[in-house]
Amino acid sequence: MLYPRLLSTLVVVFFIFLSECGESSSSSNPSHADATTQCSDQIDNDSDGLIDLDDPGCSSATDNDEYSAPACSDGTDNDGDTLIDLDDPGCDNASDDDEYNEAVTTTACNDGVDNDSDGLTDLNDPGCASSSDNDEYNEAVTTTACNDGMDNDSDGLTDLDDPGCTSSSDNDEYNEAVTTAACNDGVDNDSDGLTDLDDPGCTSSSDNDEYNEAVTTAACNDGVDNDSDGLTDLDDPGCASSSDNDEYNEAVTTTACNDGVDNDSDGLIDLDDPGCTSSNDNNEYSAPACDDGLDNDTDGLIDKRVFDLMKDFGTSKSTKIDSIFDSLLVP
C-alpha cells in the first residue's frame, strides 16, 4: 500500500515543478511575453479621436499611456512664442488645449503710431476711446469767444475767468448789462446819509427809489406827551400801537372800590376789603356776620339781635322763644 501512495505524491510534485519552470521560462523569454500596449492596440484609449502612434500621447509603440496632457499643462511651448502653459496668454486654464494667442486686430489706437501727429500715441491720445478704436483724431472743438484765449470784451478777464462766460461753448464774453438804479448808483439820492442798499428805502439793487416809505405821524409816534400823563407814545398805556392816534387812557369810573380810600374805616382799602366784589363795586362796606341779615351758621337764628332778645326774656325756654318771635314782629 505504501508504494502506490508514494508514487502518486512523486507524480504531483513533478507536475508542479514542470509548471513553475514553464512560467519562469516564459517570463524570462521576451518572445513569449504579451507585447500589446495602449499605443499598439489599435484602440483610441483616451477617446481623443487619435489611435496609437497617431495620438501625441504615445511616444512609441511600447508606450502604455495614450493620454496626452492639454497644450496648456504639458510643459511645452506649443505655439513657439517662448511662453509655456499658463504663462502663455493664449491659455485660459490648465485644461485649455490651445496655447495660441487670440488674433489681435490692429487699429489706429493700438498700432504704436501717432496717427494724428499730435504728439500722443494710441491710448495716450484723448482721441482714442479704447484699443479697438480705429480713429486717433480728437473730436473737433468749436472755437468760441469763451475758449479762444482772448480777452474779447477788454475787461482784463479771459474766457472762463470772465463772468460773461457761462461755459467754454459760450460765444459771448461780454458781461450782462447792469441797469443803473437809485439803489446801485453809489449816490445818496434821498440825502439821509445812507447810500444804495445801506438805505432802508432800498429793497434791492434794482430798486430805483432810495427814499424811505412815508410814515404817518400819530399821537403815539410823535414824541409828544399828548395826554399830559408823563408818558409818551408807546410808553403810554393809552397807545395800542405806533399808528394809534389817541394817547389818552380809557376813562375809568371812580367807585368806592377803586378810589384808594378806606370808605368803611375797617383798615382795608378797595379790593383788599372783603366788602368789594370788583373795582366797579361802589360799596366798600361789609356787614358783620351778626348784622348782615344772614343765618351764617345755619342754626335757624340770624344776627346779633336774636341773641340779645334771648338774654332779656324769662327763664322758660318756650316763653323765650315766643317772646323772641313776638319781638321780631314789632315794627
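Picking from 128, 91, 58, which residue would you name as being assigned to a loop (DSSP other than H, G, I, E, B), hydrophobic (A, V, I, L, M, F, W, C), within 21 Å of residue 38 (Cβ to Cβ) and in contact with a helix residue (DSSP H, G or I) (Cβ under 7 Å, 6 or more places away or on another chain)?
Numbers: 128 fails: within 21 Å of residue 38 (Cβ to Cβ); 91 fails: within 21 Å of residue 38 (Cβ to Cβ).
Answer to the check: 58.
Being touching a helix residue (DSSP H, G or I) at 6+ places or on another chain (Cβ under 7 Å) and at pLDDT 90 or above: is that true of residue 221 here? Criteria met by residue 221.
Residues that are in contact with a Gly (Cβ under 6 Å, 6 or more places away or on another chain) and either of a type in the set (Ser, Thr, Tyr) or closer than 30 Å to residue 85 by Cα (or both) within the range 100-141 comprise 100, 101, 137, listed in sequence order. Sub-8 Å Cβ pairs linking a first residue in the range 60-83 that is free of Cβ contacts under 8 Å to residues at least 60 places away in the same chain to a second residue that is assigned to a loop (DSSP other than H, G, I, E, B) and of a type in the set (Phe, Trp, Tyr), at least 6 apart or interchain, are 78/100; 79/100, ordered by first then second residue. For beta carbons closer than 6 Å, sequence separation of 6+ or different chains, a first residue in the range 196-214 that is in a loop (DSSP other than H, G, I, E, B) and exposed (fewer than 13 other Cβ atoms within 10 Å of the Cβ) and a second that is modelled with pLDDT under 90 and not small (Gly, Ala, Ser), the qualifying pairs are 200/212.
Being surrounded by 13 or more Cβ atoms within 10 Å (Cβ to Cβ), of a type in the set (A, V, I, L, M) and assigned to a loop (DSSP other than H, G, I, E, B) is the filter here; which residues of the range 216-256 pass it? Those that are surrounded by 13 or more Cβ atoms within 10 Å (Cβ to Cβ), of a type in the set (A, V, I, L, M) and assigned to a loop (DSSP other than H, G, I, E, B): 218, 219, 224, 231, 256.
Against the list (1) under 49 Å from the mean Cα position of the chain (by Cα); (2) surrounded by fewer than 16 Cβ atoms within 10 Å (Cβ to Cβ); (3) acidic (Asp, Glu), the condition residue 259 fails is (1).
Given 53, 83, which one is surrounded by 14 or more Cβ atoms within 10 Å (Cβ to Cβ), at pLDDT 85 or above and assigned to a helix (DSSP H, G or I)?
Values: 83 fails: assigned to a helix (DSSP H, G or I).
Only one candidate passes the filter, namely 53.
Would it be correct to say that residue 90 is modelled with pLDDT of 90 or more and either within 30 Å of residue 135 (Cα to Cα) or β-branched (Val, Ile, Thr) (or both)? The answer is no for residue 90. Return yes or no: is residue 136 loosely packed, with under 13 Cβ neighbours inside 10 Å and either at pLDDT 90 or above or assigned to a loop (DSSP other than H, G, I, E, B) (or both)? It is false that residue 136 is loosely packed, with under 13 Cβ neighbours inside 10 Å and either at pLDDT 90 or above or assigned to a loop (DSSP other than H, G, I, E, B) (or both). The set of residues in the range 175-203 that are out of contact with any helix residue (DSSP H, G or I) (no Cβ under 8 Å at 6 or more places or on another chain), closer than 20 Å to residue 163 by Cβ and polar (S, T, N, Q) comprises 175, 179, 180. Just one of the listed residues (121, 107, 62) is surrounded by fewer than 14 Cβ atoms within 10 Å (Cβ to Cβ) and among the hydroxyl-bearing types (Ser, Thr, Tyr), and it is 62.
The values are calculated or read from the model by the stated rules, or taken from the named source; none is laboratory data. This one's a predicted model, so the numbers in the text were calculated from it and none came from an experiment. Positions of Cβ are generated from backbone atoms using ideal geometry, with glycine treated the same way; all protein chains shown enter the neighbour counts.
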